[in-house]
Each structure stands twice: as C-alpha cells, then as structure tokens.
Amino acid sequence: MNPGDMRPGAAVRGPMWSGPICIHSVERAGPYVRIMGRATESGTAIDCILTQADVKQLEVAYEPNDMAGNPQRAFLAAEAMRYGFASADDPLSALHTSAVDLLPHQVEAVYNYALRWPRVRFMLAHEAGAGKTVMGGLIIKELKARRAVSGALVVAPPHLHEHWRRELGERLGESSRIADRDPQHHIRRAWNGPGVTIASAEFIEREDVMPYLESSPPDIIIVDEAHDLPLRPPPGDGRHSLTASLHGMSEHLLLLTPTPPPEGSPDLRLLLDMLEPGFLADPQMTQESTAAADNPMLLRRTAETLTDPSGSPLFGSRRVETVPVASSEIEALLYGAVSDYIRKRSGRAGPDATLHISRCMSSGVYAALRALEERMRSLEDALRDYIGTGQTKLVPAGEREDTEAEIKSLDRLITMARRVLDSDSERKVQALRQALRGLGGAQALVVTESADTLHYLEDRIRSWGYGVCTLHDKMEYGDRVRTEAAFRGGADVMVATDAVG
C-alpha cells in the first residue's frame, strides 16, 4: 500500500494491529506517516508513526463512502430492501403493491381463510363473477413476498389461459408463461424458476411432460375449474395421473370452482381429500362442517352475499323462474322418433354417439339436426370404405344391411328435424322470444350448452331485430374481450356457452 492511498474514513489492517483500523487522520513527516484512528472491533484509540516499510505491509479493509453515488439508485436500492422485508410487518404487502382494489369478500377469502395457515390447502368455491382469478393470483404474490414460494403452476382450461396471464400481469405485476405452446426442449424449464406457468390438464398429463413436473414440482399449484377434474376416471384414463398426484405434488394447493359438488356428496369429499387426505373422516362430517360454515378447507360465497366496500350489494337482485314449455305436435313426434333410434341403436352406435345425440336433442332441434347429420356422414363414409375393403370400424363384416338401415333411419330423422325448423314450431325458441319481449329493452344473457344451438340462436335473435354478441370457449382471448366490451357497450343480447363463467 502507498502512503497516498491512505485517506480518512478508510479502514486498513496490518501485522502491527490485531484487527482493522479506521483512519481518522493522516499526517506525513518526511519518510514517516502518523496515523490516528480507532480499532473497529475493540474501539481502542490508535496513534502511531509508521515507516515506509510498515506502510507497504498495510492492506485496505474497506474504502470510505464519499457519498458520490447516484441518489436515485440509492433510493431504489433502499426501497427494494424495504419491500423485501415488508411482509414481516405488513400482512397485506401483496395487496399494497398491486394495481387492484380488492372487494370485502376477496380480502376475507385470501387473508382470513386461505392464508390463515402457513401451508395453503384450500378450495375457493365462490360463484362466477366473484374474482377468483385475482384471489388466486394474490395468494401467489403474497406467498412470494413472504419467501414461501418461488415458482407457481396454474392448471386451467385453454380458453382461460390468456385471462390468467392478463390478470396476473396487468393487475398483480406477476410474470407468467403459457406452457402448452412450449417446444419440447422448453418443457423442463417451464416448471423451474420464478414466475407463473399456465397450462392445461391435458398438456400436463402427456407422457413427455408429467415426468418433468413430478421430478421438479412447483411450490404452489392452483387448479381452476376444479369441478372438471375426473374424480373417478375409468381404468387407463391418462388424466388419472394428475388427479391422483395433486395432493402430494406441491407444498401448497389451491382449488378454484364456481360450482362445487353438493354438501355431503362423495364428489365433494373426494375434492377435499386432494387437499388433506382423510382429514374429514366420513361424508356426514363433511356435510356438517360445510353446512355450519366452519369447514377449514372450503369457503363459498353466493352472489347474494357479496357487497362492495360501502356495503351495497355487488350484484342486482336475482329472481329464478322456470318457464314450462310444452312441445308442439311435430316436436313431440321428433323427440319420440329420436328416443326410439337411441334405444334401438345404442348397442351398435356406442354410448358416446347416442349420448351426444341425446344431449344435443335436449339443447335444441338445430343441435340435434347437426348431431344426426354428423352421424349419418360418418356412416356413409364408413360404408364406402366397407365396399372397398370388406370391413371398417363402424361397419363390421356382415353388417352392411344393418348400416344401410341405420342410414335410412337417420335420413328420416333429419327430414323431421328440418321440418320442425322450417315451420318455426320449436316451442323453446318461441318462449325465448316472448321472454325477450317482456324485458322491456333490458339486456339479456342467454346461456346454452351446445355451440350449435348458440349459433342458431344468434341468427334467430338477430332476425328478431336485437343486437347480438356471442361468447364460447373456442374464442381467442382478444375476441372474448371485444365481445364483453360489446355487451357492456349496449348489445341487447349475449348468447353464451358455459364459458361465460
């Protein structure tokens, strides 16, 4: 060390002292240097004269802070440290660093229930529209602030992926990635590191994906639309692997559903067993704890109980009314003919095909027509292949005549369905038109199960002179946002599938 490097405020160490010395002043007298200071460990005052040889043996312990740094960066560094320790004094630190104003029921669910214990094992079962996505994201952010988690996985249907990513990014400031579109060499990386990974159950259960998740699970898993999880899958069902593994895969597990199974049902107990296996010993205990609102793993709030911060109801009053609709004569003939077809052909057509036709028939005549046409086309294609090869999957050897007879039956049913539509005699559609007239110009939301019925109703309602928009689970997220904006902007009717939830 050179004498010129010795400055007040610096600390030096050398063989003549037992520890570092903080220099207070330096005086030079010819070949000698006088140092006055204090030992940093013992506080002993130091006043000594050193030769040039002594000075060369000294080493710098630390340099003095000349306060010449960038003050803005210093402030940001101090703020970063303060935020790092915020959760120790502020139990709502994630809320205070997010661009979201929580409603009372959301604060209650996140901080009074889900985060009540160090280990999150909980099911939020609020009705649709309560903001469960924000609640789930806030739980992730709060656990990260408390240094309890690093990586997170959200299991959600594909049509909700962009919704999750937007809510996490814009409202909570959390980065996220959608793993379903990751190439093979990015799959392993998707589960590791900070941030949130969003994926569908079908993607996770792939044979080339599940091993990566099991070998390096995230700290927290959130399952959206948990009621769709197959709780009793048939043997060989690939989805069983996710359902069976969820309870032990990660430290924290959160289930979100707007439609939980009924109180005391076996399905509800199976869902709760995913959180804590065997915690509720029998169905009666599950039913009693849920009915008494003291189930430690489940919280449900209905729309009628939700309020804004001022205590006013969050949603308007709701009146449930079932309108009985009697089938017209021509409809009754069609329903009877389709029922006869299903009974006679269920063994040959298979349960999937007949169940699909039956569900479409309950949705509406147009959906039934499309299902019948689809079945007829598949049989006609199979029959052409049979004529060339002698056997297909749909037309086993020796059953050509039976297949031709089924095609004729389907042709008759299709003709009957078209006659109902052409005569405008479908009573449910007539009842819907009457109901819209009775609203006096108020907006209406029409929900149907079948996408075919959705498109049919869209055309019919528009022909009645109403402004219509549609919402279904095949829409891209941007189209969904534009549809919702159109409805808020004054469209008379929105026709939607259950994707509206």
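Lysine pairs, Cα distance under 22 Å, 8 or more residues apart or cross-chain: how many in the chain? Show your work: numbers first, answer last.
Details: Lys132/Lys141; Lys132/Lys144; Lys132/Lys474; Lys344/Lys393; Lys344/Lys408; Lys393/Lys408.
Close lysine pairs under the 22 Å cut-off: 6.
When both segment 31-55 and segment 294-321 are represented by their alpha-carbon centers, they are found 74 Å apart.
So which trypsin sites (Lys or Arg not before Pro) in segment 408-486 end up in coil per DSSP with only 15 or fewer other C-beta atoms within 10 Å? Sites meeting the loop and neighbour criteria: Lys474. Using bins of 10 Å that start at zero, the share of Cα-Cα pairs per bin across segment 3-62 amounts to 25, 64, 11, 0, in whole %. For the pair Ser423 and Glu162, a Förster radius of 35 Å applied to the C-beta separation gives a FRET efficiency near 0.25, rounded to the nearest 0.05. Counting neighbouring beta carbons within 10 Å and listing from fewest to most, the residues Trp464, Trp164, Trp17, Trp117 come out as Trp117, Trp464, Trp17, Trp164.
So the label point goes 7 Å from the Cα of Ser312 along Cα→C-beta, right? Which residues of segment 425-457 then have their backbone N under 15 Å from it? Inside the label zone: nothing.
Name all residues of segment 95-121 having a backbone nitrogen under 20 Å from the label point set 7 Å from the Cα of Glu79 along its Cα→Cβ direction, giving them as ranges. Correct set: 95-101.
In terms of surrounding Cβ atoms within a 10 Å radius of their Cβ, Ser310, Ser98 rank from fewest to most as Ser310, Ser98.
Using the beta-carbon distance between His247 and Ala128 and R0 = 25 Å, what value does 1/(1 + (r/R0)^6) give for FRET efficiency, to the nearest 0.05? Working shown, then result.
On the way: r = 26 Å, r/R0 = 1.03.
In this case the efficiency is close to 0.45.
Put in order of Cβ neighbour count within 10 Å, fewest first, the listed residues Phe315, Phe122, Phe487 become Phe315, Phe487, Phe122. Taking every Cα-Cα distance in the chain and sorting them into 20 Å bins from zero, the calculated P(r) comes out as 17, 36, 27, 11, 6, 3, 0 percent.
Fully extending the segment from Ser215 to Thr44, taken as 0.36 nm per residue of separation minus the present Cα-Cα distance, adds 55.9 nm.
Let me have the 222 nm mean residue ellipticity of the chain computed from DSSP H runs of 4+ only, each contributing -39500 (n - 2.57), with the sum over all residues rounded to the nearest 500.
Values: 20 runs with 212 residues, N = 501.
Taken over the chain, the calculation gives -12500 deg cm²/dmol.
Return the FRET efficiency for the residue pair Asp267, Ala431: r is the Cβ-Cβ distance, R0 is 30 Å, and the value is rounded to the nearest 0.05. Once the sixth-power term is evaluated, E becomes 0.40.
Please sort by residue number the GluC sites (Glu not before Pro) in segment 39-146 whose DSSP state is loop and whose Cβ has at most 11 other Cβ atoms within 10 Å. Display every interim value, and only then the final one.
Numbers: sites: Glu41, Glu59, Glu79, Glu108, Glu127, Glu142; in loops: Glu41, Glu127.
Qualifying residues, ordered by number: Glu41.
Values in this text are rule-based calculations from the coordinates and carry no lab data. Source: prediction; values computed, not measured. Backbone-built Cβ (ideal geometry, glycine too); neighbour counts: all protein chains shown.
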